[in-house]
């Protein structure tokens, strides 16, 4: 593992866990609005990661590269959260049939 990149892996894992845990909590508390709220959350995180990525070009130099890596980490975490949420939902739907 390259030294210094662990923080980006932790950011991606944190975002993924945040999305998965929020999906489970929303499923138990308000299942009828779960998909709406999660879509809003996914969209918000995607916009934030794209915004940070674009902002990193304006900063430039090493600081900009750091912000770019952070944006990519948030994006990867969001995509993984969406995939895990989809798999969990498909398992739950298959058990209910």
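Since every read-out is calculated from the coordinates, none of them should be taken as a lab result. Because the structure is predicted, anything quoted here is derived from the model rather than measured. Glycine also receives a Cβ, built like all others from the backbone with ideal geometry; neighbour counts cover every protein chain displayed.
Show me 63-71, 28-36 ranked by packing, highest mean number of other Cβ atoms within 10 Å first.
Numbers: 63-71: 16.0, 28-36: 10.9.
Going by the mean number of other Cβ atoms within 10 Å, highest first, we get 63-71, 28-36.
Normalised by the residues of region 6-96, what does the relative contact order come to in percent, with Cα pairs under 8 Å and at least six apart? Don't jump to the answer; show the numbers that get you there.
On the way: 75 pairs, mean separation 38.5, N = 91.
The value is 42 percent.
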Rounded to the nearest 10 degrees, what's the angle between the helix 34-59 long axis and the longest principal axis of the chain, both from Cα atoms, 0 to 90? 0 degrees
Dividing the helical contributions, -39500 (n - 2.57) per DSSP H run of n ≥ 4, by the residues of the chain yields a 222 nm value, nearest 500 deg cm²/dmol, of -32000 deg cm²/dmol
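Would you mind getting me the FRET efficiency between residue 20 and residue 58? Use the beta-carbon distance for r and R0 = 35 Å, nearest 0.05. Please list the in-between numbers first.
Details: r = 33 Å, r/R0 = 0.93.
Calculated value: 0.60.
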For Rg/Rh (Cα atoms, Kirkwood Rh), which listed value, (1) 1.09; (2) 1.16; (3) 1.44, comes from the coordinates shown? (1)
Highest average packing first - 89-95, 46-52, 72-78, 10-16, Cβ atoms within 10 Å: 72-78, 10-16, 46-52, 89-95
